[in-house]
Amino acid sequence: MKIPFSPPYIDNSVINEVVDSLRSGWITSGPKVKALEEEIKSFSGAKEALCVNSWTSGAIMMLRWLGVKADDEVIVPAYTYSATALAVLHAGAKPVMVDSGKDFNISVDAIRKAITPKTKAIIPVDIAGFPCDYDHMMELVNEPEIRNLFKAETSVQETLGRILVMNDAAHSLGAYYNRNQRTGCETDIAVFSLHAVKNVTTAEGGAICLNLPAPFDNAELYRELRMMSLNCQTKDAFSKSKAGGWRYDIVGLGMKINMADVNAAIGLAQIREYPELLKERKRVFATYTKAFERCSWAVVPPSIAGEKESSYHIYALRINDFTEEQRDRMIDEIAKSGVAVNVHFIPMPMLSFFKSLGYDIKDYPQAYENFKGEISLPIYPQLDDEKLDFIIKTVKAAYETVVSAT
Ligand SMILES: *Cc1c(COP(=O)(O)O)cnc(C)c1O
């Protein structure tokens, strides 16, 4: 049986929405983007949501808005997809990597130790869709001693008066941070990814959620950032396309990272169905957990803790006491049966580029621990009982093959 890792969920309503955009005569940023932003806002509880063409470009723009410069530090987990740190480098600052906990998420204690007078922002990541400990993180950045350390160097930094917390919520659209609050409104800024493999997709895309404290005006900021995402041009293509609306100005150095309506159409149809799709992901997750929690060699991933609940984006199984090499062999065995699995993530300090910058995995023991026995299993609504049964049998058999050979 061939089981792909993460095929996009494309049904007739998605196709119809895209066709509607194509037939409408308007294919780039316009009514579909606006409608998707409204859906994301009401779904996540964010005060404002701005759609852009990727998580990465959105994060770079927000760090530029904050005004980070060479020598400024931004704290990120060592255990994440590289975009988290690459965005910091693109914005011209220095990523300061810290270790994670056993739940895969950034450790708040490690953040505390890493804060210096140069720290301008923290980018925690909701790994696999499981929300970080935001109560403690927001408390930390608001502690008087931590606020006193903060050196504001731009007007935005002065207004904020403390370290900015920008959640990398690439995985966690739909997760609950507490009983009646989904991710997207728990930090100053949260950025979702709408990339093809994410729970809700626009093929490529991202959404920046704004929840800045007073005296920031989030609605005003939305308008400013929207313009910034369109080369800081005072009139977008939609308004310019109207008769007599030709004159515009360029008022700053923006980026060109707006989302197109054809892309937004995919996400718009998906997010309307998302509560149902999320239930299906939860079903798949629970089936795996039921099957593996009885195996002494397996560590099942976190999904619910206190009031937090995952968005069930990745099923990150860990094999107890496995070396990297054994894990790799187990993946080869699984692949022989046609089941595609993955590893989330190779800690950044193990990748060539970051090594060349001086990062060393020895400084992040828990990140390495989380990585070395990790295998991500397929998780998406289309997986029925027969397929899940096959995947579970395949994974168990692969484990037996590897241990009996060593
Ligand atoms: C996918 C992902 C990103 C990048 O998203 P893009 O939309 O592809 O730029 C960032 N962070 C994490 C944790 C991701 O998984």
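The values are calculated or read from the model by the stated rules, or taken from the named source; none is laboratory data. Bear in mind the structure is a predicted one, so any value in this text is a computation, not a measurement. Glycine also receives a Cβ, built like all others from the backbone with ideal geometry; neighbour counts cover every protein chain displayed. The area values use the complete protein model at the heavy-atom level, side chains included, leaving out ligands, DNA and RNA. Shrake-Rupley method; radii C 1.70, N 1.55, O 1.52, S 1.80 Å.
When only residues in segment 277-298 that are within 21 Å of the chain's Cα centre (by Cα) and of a type outside the set (Phe, Trp, Tyr) count, which is most open to solvent (accessible area, probe 1.4 Å)?
Selected residue: Lys279.
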Filter result (of a type in the set (A, V, I, L, M), more than 16 Å from the ligand (Cβ to nearest atom) and not in a strand (DSSP E or B)) within segment 127-175: Met137, Met138, Leu140, Val141, Ile146, Leu149, Ala152, Val156, Leu160, Ile163
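Rundown of residues vs (1) away from the ligand (no atom under 16 Å from the Cβ); (2) of a type in the set (Gly, Ala, Ser); (3) outside any helix (DSSP H, G or I); (4) open to solvent by 50 Å² or more (accessible area, probe 1.4 Å), yes/no style:
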| residue | (1), (2), (3), (4) |
| --- | --- |
| Lys355 | yes, no, no, yes |
| Asn370 | no, no, no, no |
| Ile375 | yes, no, yes, no |
| Ile379 | no, no, yes, no |
Single residue of segment 65-84 satisfying the filter (away from the ligand (no atom under 16 Å from the Cβ) and open to solvent by 10 Å² or more (accessible area, probe 1.4 Å)) that is farthest from Thr119 (Cα to Cα): Trp65
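Every residue in segment 196-215 that is part of a loop (DSSP other than H, G, I, E, B) and either away from the ligand (no atom under 13 Å from the Cβ) or under 23 Å from Trp65 (Cα atoms) (or both), please.
Result: Glu204, Gly205, Asn211, Leu212, Pro213, Ala214, Pro215.
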Residues satisfying the stated conditions in segment 162-216, i.e. touching a His at 6+ places or on another chain (Cβ under 9 Å), open to solvent by 20 Å² or more (accessible area, probe 1.4 Å) and more than 17 Å from Tyr81 (Cβ to Cβ): Ala203
